[in-house]
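The values are calculated or read from the model by the stated rules, or taken from the named source; none is laboratory data. Just so you know, these numbers come straight off a predicted model, no measurement behind them. Ideal geometry is used to build each Cβ from the backbone, glycine not excepted, and the neighbour counts take in all protein chains shown.
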C-alpha cells in the first residue's frame, strides 16, 4: 500500500477514531484534525489531534479523509454527503497479499490477514486481528469485528456487521445489512437485514 499523506482529516472523534489515528500514524501518515457534530468534543484533543465541528463539506471537501465512525449507516451517510479525497489506511502489522483490492476510505487494523484475490469495498472496517481468506468479497460500508474469521469464497454484502469472533464457513453469503452477533458461526447463507446469533447461527426472529 502507498504511503499515506501527512494532512489527513478524519470524521468522527470517538473511540474508533483513536484506532484510526493510531493506524494512520503507524502507516506513515498523520491526522491533522478530527471533525465531529458533538459540541461537547469541540476544542478537545484525541491522541493530540484537535477536534473541530460541525462536520462540514466546506471544511473537509477536497482533503484526504477517512470516516472514523464505527456505525455502518452513519459512515455511509457521511461518506455519501461529503466530497472528500477518501483514502484507505492499513496498519503495517498486517499481512495483505498483493493481489488484494481495497476500496477508498477503508481501514484495516493491526494483526489482520487478507489472503490472495480477496476484494474489500469502500469505507469498510476490518478491525483488529481479522482474517479474510482467498477469493472473499467484502462490500462497502461493512464492519468486521475484532477476531472475526472469513473462510475462502465468502461474500459479505454491503452494510454487514460481523461481531467480535464471528466465523463464516466457506462460500457462505451474508446478505446486505445483515448482522452476525459476537461468536456466531454462519454455515449457511444469511438473508438481507437479518440478525443471527449462536452456534450454528440462527436468526433472532426464529429463536423467539
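Couple of notes before you dig in:
- Of the criteria (1) surrounded by 14 or more Cβ atoms within 10 Å (Cβ to Cβ); (2) touching a helix residue (DSSP H, G or I) at 6+ places or on another chain (Cβ under 8 Å), which one residue 25 fails: (2)
- Residue count for the range 85-103 satisfying the condition of being surrounded by fewer than 19 Cβ atoms within 10 Å (Cβ to Cβ), touching a helix residue (DSSP H, G or I) at 6+ places or on another chain (Cβ under 9 Å) and assigned to a loop (DSSP other than H, G, I, E, B): 2.
- Qualifying residue in the range 2-19 (condition: closer than 22 Å to residue 131 by Cα, over 17 Å from the mean Cα position of the chain (by Cα), modelled with pLDDT under 95 and not in a helix (DSSP H, G or I)): yes
- Search result, residues across the range 120-140 that are within 18 Å of residue 177 (Cα to Cα) and either touching a strand residue (DSSP E or B) at 6+ places or on another chain (Cβ under 9 Å) or at pLDDT below 95 (or both): 120, 121, 122, 123, 124, 125, 126, 127, 136, 137, 138, 139
- Qualifying residue in the range 124-137 (condition: in the same structural domain as residue 189 (by TED's automatic domain parsing) and touching a helix residue (DSSP H, G or I) at 6+ places or on another chain (Cβ under 7 Å)): no
- Test: residue in the range 57-68 that is modelled with pLDDT of 95 or more, in a loop (DSSP other than H, G, I, E, B) and more than 14 Å from the chain's Cα centre (by Cα): no
- Tally of residues being under 20 Å from residue 125 (Cβ atoms) and assigned to a loop (DSSP other than H, G, I, E, B) across the range 173-191: 8
- Single residue of 159, 139, 181, 198 found to be at positive phi and surrounded by 18 or more Cβ atoms within 10 Å (Cβ to Cβ): 159
- The one condition from (1) closer than 17 Å to residue 20 by Cα; (2) modelled with pLDDT of 95 or more; (3) surrounded by 14 or more Cβ atoms within 10 Å (Cβ to Cβ) that residue 45 does not meet is (3).
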